[in-house]
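Only one structure is covered here, and it is reproduced in the block below.
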Amino acid sequence: MGQKSSTSSSLIFEESEQNDSLMEQIFDGISDVPDKEPALEISVSKSSTKKKQSSTSSVPRPDEELDLHGKTREEAIMMVQNFVMTCHKQEFRTALIITGKGRNSGDRGPVLKREVKHWLERNGKPFLRDFHEAPPRFGGSGAIWLNFK
């Protein structure tokens, strides 16, 4: 028979004639169990896929991303301007601008994030429905989520 040790984290099993006969009974009846369940065929159209994504609480990936890590203020603004116009022209629905959290900015705080938001506020209206802090999965306060018109 099986023996349990006094600690709950370890079990000690001893072989016995009774265990052998139980195992034989199990393996004798295993041939009655089917090997696999039949596969269900499900056809999914594109429209039902979109509905499924929008009904879930998770945010789908953005259509495009721009990473500004290591860029100067001037480089970042030029890249953002080109990025926003290109995404709008290509009729993207969403995009992500990764500014970083500004941990290397010292006392000035996150310079790129502030400058990019300022540019979007002044120049984004013709292209954007809105923009906001990205969901945590996509960088949270270190990224800006864009929704295009």
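The values are calculated or read from the model by the stated rules, or taken from the named source; none is laboratory data. Given the structure is predicted, the values throughout are model-derived calculations rather than measurements. Cβ placement follows ideal geometry from the backbone for every residue including glycine, while neighbour counts extend to all protein chains displayed.
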Say we look at the stretch 103-121 and pick out the residues that are touching a residue at least 24 places away in the same chain (Cβ under 8 Å) and either in contact with a Leu (Cβ under 8 Å, 6 or more places away or on another chain) or among the hydroxyl-bearing types (S, T, Y) (or both); which of these is farthest from E64 (Cα to Cα)? L112
Being exposed (fewer than 14 other Cβ atoms within 10 Å of the Cβ) and at pLDDT 95 or above is true for just one of K125, K52. Which residue is that? K125
Any idea which residue in the stretch 79-122 is nearest to R61 (Cα to Cα), counting only those that are exposed (fewer than 13 other Cβ atoms within 10 Å of the Cβ) and not charged (D, E, K, R)? Q90
If I ask for residues that are more than 22 Å from K71 (Cα to Cα) and under 23 Å from the mean Cα position of the chain (by Cα), which ones from the stretch 82-102 would you list? E91, F92, R93, T94
So how many residues does the stretch 101-124 have that are more than 17 Å from M78 (Cα to Cα) and assigned to a loop (DSSP other than H, G, I, E, B)? 7
